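A.B. asks: For reference, the structure I am asking about is given below.
The values are calculated or read from the model by the stated rules, or taken from the named source; none is laboratory data. None of these values were measured; they are calculated from a predicted model. So basically every Cβ, Gly included, is an ideal-geometry build from the backbone, and we count neighbours across all protein chains shown. For the accessible areas, the whole protein counts, side chains as well, though only heavy atoms, and no ligand, DNA or RNA atoms are used. Shrake-Rupley method; radii C 1.70, N 1.55, O 1.52, S 1.80 Å.
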Amino acid sequence: MTTAVAILRSTRPAQWLKNVLVFAPLIFAHQALERHALLRSLAVFGLFCLASGAVYLVNDLLDRASDRGHPVKRRRPIACGELSPVAAGAAAALLGFGAIAVAALLDRRVAFVLGVYLLVNLLYSRVLKHLVILDVMTIAAGFVLRVVAGGIAVGVALSSWLLLCTSLLALFLGFGKRRHELVLLEVNASTHRPILSEYSPYFLDQLIAVVTTSTLVTYALYTMDPLVQQKLGTPYLPLTIPFVLYGIFRYLYLVHQKQEGGDPSQIIFNDKPLLLNVLLWAATVFFILYFS
């Protein structure tokens, strides 16, 4: 394997799916069909792909020793020796600083948000991942920052509903991932990720129950808020609630019954019912906002 291929693998292209959140403000602001706004959102999406790639390289670099004891992560290029630490560090610096530099040409505020995103993730890699609950909240913050950058790119004042829904959904996925790691690694869990010693399946189930309920209620209230309906120009967004209900219930089924949940992006692509549900939700939202 060449160094370039190893670097690309380490940036985890499959995880770039998370960066589609930058398009949320574009879509809900009725600007998805406007060329200029769409191009700016695409640029921000690309910048976050570069930045998140840098984050994954740093994470793998710092965790290479513990990754070697993980049944899946030991195959990562840095952990298995296919990518040297020096090359990984250089690639991470190039991607991170390069993303901020290009973002500054687009909009200095986007560059600032991108810088905050990189800083938060660096703090997570060094400190915050060792603090119970705050570790998952930090991951959720990364999702919110994607939405914020997307809103800045198209000049949209972000709805507090959108930020709240994003935060709760990210917490839901984050706690689900922690539960998967705990169950998968069993007695070796704390050896691979020390913070897992602070969690238990029961405790995580309680946290997941809280954020599941909060996510569903918040999304339902968002779609039914008269002010939101007036701003979006349609009263039909509540029709998308069944898709959100099924999506969350299906994900819980995969976490609890199939022992999945370690990689949300992989789950969406591998589970056809969940993937179809996500696509139907997106298509329904788009149709309601633009053609209803």
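A.B. asks: Suppose only helical runs count, i.e. DSSP H with n ≥ 4. What mean residue ellipticity at 222 nm does that imply for the chain under -39500 (n - 2.57) per run, divided by all residues and rounded to the nearest 500 deg cm²/dmol? List each step's numbers first, then the result.
C.D. replies: Details: 14 runs with 210 residues, N = 292.
Computed ellipticity for the chain at 222 nm equals -23500 deg cm²/dmol.
A.B. asks: Related question: Given springs between every Cα pair under 10 Å in a Gaussian network model of the chain, which of 48, 203, 23 has the largest fluctuation?
C.D. replies: 203
A.B. asks: The chain: longest stretch without exposed trypsin sites (Lys or Arg not before Pro) (DSSP loop, at most 16 other Cβ within 10 Å), sites themselves excluded? Walk me through the intermediate numbers first.
C.D. replies: Details: sites that count: 68, 258.
My reading of the result: 69-257 is the longest stretch.
A.B. asks: Let me ask something additional. Ignoring ligands, DNA and RNA, what percent of the accessible area of segment 108-188 is carbon or sulfur (1.4 Å)? Intermediate values should be presented prior to the final figure.
C.D. replies: On the way: 2510 of 3560 Å².
Carbon and sulfur atoms account for 70 percent of the accessible area of segment 108-188.
A.B. asks: Which Rg and Dmax, in Å, describe the Cα atoms of the chain?
C.D. replies: For the chain, the Cα-based Rg and Dmax read 19.3, 56 Å.
A.B. asks: At what distance in angstrom do the alpha carbon centres of segment 195-265 and segment 32-72 lie from each other?
C.D. replies: So the two Cα centres are separated by 24 Å.
A.B. asks: In addition: Starting from the eigenvalues of the Cα gyration tensor, five times each then square-rooted, give me the equivalent ellipsoid semi-axes of segment 1-144, largest first, whole Å. Show your work: numbers first, answer last.
C.D. replies: Working: eigenvalues 159, 61, 39 Å².
Semi-axes from the Cα gyration tensor: 28, 17, 14 Å.
A.B. asks: State the percentage of accessible surface on segment 1-98 attributable to carbon and sulfur atoms; use a 1.4 Å probe and exclude ligands, DNA and RNA. Can you show the working numbers first?
C.D. replies: Numbers: 3160 of 4630 Å².
That share works out to 68 percent.
A.B. asks: Taking the inverse of the average 1/r across all pairs of different Cα atoms in segment 226-292, what Kirkwood radius in Å do you get? Could you put the intermediate results ahead of the total?
C.D. replies: Details: mean 1/r = 0.0763 Å⁻¹.
Mean inverse Cα-Cα distance, inverted, gives 13.1 Å.
A.B. asks: Right, here's the next one. Specify, per residue and in Å³, the volume enclosed by the convex hull of the alpha carbon atoms belonging to segment 1-60. Working shown, then result.
C.D. replies: Numbers: hull volume 5.0 nm³, N = 60.
Here the figure is 83 Å³ per residue.
A.B. asks: Run through all the Cα pairs of segment 92-199 and give the fraction in each 10 Å bin from 0, expressed as whole percent.
C.D. replies: Spelled out per bin, shortest first, that is 14, 37, 31, 15, 3.
A.B. asks: Using every Cα-Cα pair within segment 21-88, state what percent have a distance larger than 17 Å. Intermediate values should be presented prior to the final figure.
C.D. replies: Working: 1257 of 2278 pairs.
In whole percent, the long-distance tail amounts to 55.
A.B. asks: Let me ask something additional. For the chain, what is the accessible area per residue in Å², given a 1.4 Å probe and the full set of protein chains? Can you show the working numbers first?
C.D. replies: Details: 14250 Å² over 292 residues.
Heavy-atom accessible area per residue stands at 49 Å².
A.B. asks: Same structure again: Using the alpha carbon gyration tensor of segment 134-292, what are the three equivalent-ellipsoid semi-axes (square root of 5 times each eigenvalue), largest first, in whole Å? Write out the running numbers ahead of the final one.
C.D. replies: Numbers: eigenvalues 189, 62, 37 Å².
Taking √(5λ) for each eigenvalue gives 31, 18, 14 Å, largest first.
A.B. asks: Using the reciprocal of the averaged 1/r over all distinct C-alpha pairs, how large is the Kirkwood radius of segment 98-138 in Å? Display every interim value, and only then the final one.
C.D. replies: On the way: mean 1/r = 0.0914 Å⁻¹.
Hydrodynamic radius (Kirkwood, Cα pairs) of segment 98-138 is 10.9 Å.
A.B. asks: Can I ask one more? Given the alpha-carbon gyration tensor of segment 136-227, what are the semi-axes of its equivalent ellipsoid in whole angstrom, ordered largest first, with each equal to the square root of 5 times an eigenvalue?
C.D. replies: Values: eigenvalues 191, 53, 9 Å².
The answer is 31, 16, 7 Å, longest axis first.
A.B. asks: Which whole-number percent is the relative contact order of the chain (Cα, under 8 Å, 6+ apart)?
C.D. replies: Taking the mean separation of contacting Cα pairs over the length of the chain, I get 19 percent.
A.B. asks: Follow-up. Return the sequence-ordered ³J(HN,Hα) values of segment 100-108 in whole Hz as given by the Karplus equation 6.51 cos²θ - 1.76 cosθ + 1.60 applied to θ = phi - 60°, using x for Gly and Pro.
C.D. replies: Karplus values, whole Hz, x for Gly and Pro: 5, 4, 5, 4, 5, 6, 7, 6, 4.
A.B. asks: On the protein heavy atoms, probe 1.4 angstrom, tell me the percent of accessible surface of segment 201-258 carried by carbon and sulfur.
C.D. replies: Using a 1.4 Å probe with all protein chains present, segment 201-258 comes out at 70 percent carbon and sulfur.
A.B. asks: How large is the dipole of the chain about the Cα centre if only Lys and Arg carry +1 and Asp and Glu carry -1, each at its Cβ, rounded to the nearest 20 debye? Intermediate values should be presented prior to the final figure.
C.D. replies: Values: 24 positive and 15 negative charges, 85 e Å.
In debye, rounded to 20, the chain gives about 400.
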